[in-house]
Amino acid sequence: MRNFRVQPVVYKGGKIFFLDQTALPAETRWVEIDSAETCRDAIKGLVVRGAPAIGIAAAFGMLAASRDAGKKGFEEYWEHMKKAKDLLAASRPTAVNLSWALDRMEKKILASRDMPVEKIQEIVEGEAVKIQQEDEEVCRWIGVHGQEIMRDGMTVLTHCNAGVLAASRYGTALAPIYAAKERGLRVKVFADETRPLLQGSRLTAYELLESGVDVTVITDGMVASVMSKGWIDACIVGCDRVAANGDVVNKIGTYGVALLARAHGIPFYVACPLSTLDLATPEGRNIEIEERNPSEVIRFGGIPTAPEGVHVYNPAFDVTPHPLVSAIVTEKGVVRAPYAENLVKLL
Ligand code: MRU
């Protein structure tokens, strides 16, 4: 199997770069991040996207802010960092990994408050690097535990992109597929396009192809038809947040895929790190769903695809109710219903 080693966030020679995912697959270009503001803009603009990658990006956004802070006393440093944290936290509301990573950076800073600011800046750098390195290991374990749901010769349908490009390596939904390939299992993937921004066709198809995985792109409207032909053995998707009852928030269209899977008797799996679990939120309907610019729906590459002035509704995510979820694959193992009990046990 070919090895797709591109990472969405790269820290090299003391500089922070994000792979510009808005340009893929046509172009590989990098955006340098030198402040909390440039990081916020990159997250908002989907230069970097996908729940774990957003968390990693925000941690490096804090590192950029930390360097801006000057070398005054702790109070001034913290005031600067708190502003950066709030700015980054507001960049995208749905993926809980963002606030998870920012809270972790905050804790680290506050625990070091008695040290000189130069030392705290080193600690901030170390923590950002650690968050990224840990994610690689976490995703590897999702792949290992995910073997419980993989079979030789199977075909998996996935939605959006929850692969290497959405994490630091392996991804979440794609980790069991990559691990199965490494074991020599034959696995095929159907990637639905994922309107409106085509993360499925632009990103998932790209990274699977680069990795030598057999992948077929379909439009979102073809999912039912493909399932009805008996071509899909399982669905595996990533997610942005899991509520305490097991409801799952993921890219808009995931709920539809889950309903279609149920109608066709196909298992529907969710893969995510523990940092995506939000047990403080009781149900999916309590989770804020990001609404994005209408232009994403009525224009593509600057070309109008709907009449100017039409009403547009553009939620970026939807909620899949837990009864539709066959299992959740995490780095600590595979969790099944009842989720309210079993997620707590897992943590
Ligand atoms: O808007 P995006 O591209 O950030 O949405 C990404 C998704 O919905 C992914 O499926 C999710 O973040 C999981 S990524 C491992």
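The values are calculated or read from the model by the stated rules, or taken from the named source; none is laboratory data. This is a predicted model, so every value here is computed, not measured. FYI the Cβ positions are ideal-geometry reconstructions off the backbone, even for glycines, and counts take in every protein chain you see.
Select from segment 273-285 the residues that are surrounded by 14 or more Cβ atoms within 10 Å (Cβ to Cβ) and part of a helix (DSSP H, G or I) and write down the one among them that is nearest to the ligand (Cβ to nearest atom).
T276
Under 9 Å between Cβ atoms, at least 6 apart or on separate chains: pull out the pairs that start in segment 42-53 with a residue that is closer than 20 Å to D135 by Cα and modelled with pLDDT under 95 and end on any residue that is of a type in the set (D, E, K, R) and more than 9 Å from the ligand (Cβ to nearest atom).
none
Filter segment 195-214 for residues that are over 19 Å from R49 (Cα atoms) and buried (at least 21 other Cβ atoms within 10 Å of the Cβ) and give the result.
Within segment 195-214, V213 is the sole residue that qualifies.
Looking at R262, R292, which one is within 11 Å of the ligand (Cβ to nearest atom) and either outside the structural domain of P93 (by TED's automatic domain parsing) or closer than 13 Å to H159 by Cβ (or both)?
Numbers: R262 fails: within 11 Å of the ligand (Cβ to nearest atom).
The unique qualifying residue is R292.
I'm checking my understanding of the structure. Among residues of segment 72-87 that are surrounded by fewer than 21 Cβ atoms within 10 Å (Cβ to Cβ) and closer than 14 Å to S35 by Cα, which one is nearest to the ligand (Cβ to nearest atom)?
Residue satisfying both the conditions and the ranking: L87.
Considering each residue of segment 147-163, count those that are within 24 Å of Y206 (Cβ to Cβ), more than 7 Å from the ligand (Cβ to nearest atom) and polar (S, T, N, Q), and give that number.
2
Any idea which of A57, A95, A90 is touching a Phe, Trp or Tyr at 6+ places or on another chain (Cβ under 8 Å), within 16 Å of the ligand (Cβ to nearest atom) and within 27 Å of E290 (Cα to Cα)?
On the way: A95 fails: touching a Phe, Trp or Tyr at 6+ places or on another chain (Cβ under 8 Å); A90 fails: touching a Phe, Trp or Tyr at 6+ places or on another chain (Cβ under 8 Å).
After ruling out the rest, the residue left standing is A57.
How many residues does segment 19-51 hold that are closer than 21 Å to A69 by Cβ and not in a loop (DSSP other than H, G, I, E, B)?
Within segment 19-51, the first condition is being closer than 21 Å to A69 by Cβ, and the residues that meet it are 32-43.
If we keep only those that are not in a loop (DSSP other than H, G, I, E, B) as well, we get 32-33, 36-43.
Within segment 19-51, residues that are closer than 21 Å to A69 by Cβ and not in a loop (DSSP other than H, G, I, E, B) number 10.
Being farther than 23 Å from F317 by Cβ and either without any contact (Cβ under 8 Å) to a residue 24 or more places away in the chain or within 16 Å of the ligand (Cβ to nearest atom) (or both) is the filter here; which residues of segment 216-243 pass it?
Result: S225, K229, G230.
Going through Y178, Y170, Y206 one at a time, which residue ends up being without any contact (Cβ under 8 Å) to a residue 40 or more places away in the chain and aromatic (F, W, Y)? Steps first, please.
Working: Y178 fails: without any contact (Cβ under 8 Å) to a residue 40 or more places away in the chain; Y206 fails: without any contact (Cβ under 8 Å) to a residue 40 or more places away in the chain.
One residue alone meets the criteria, Y170.
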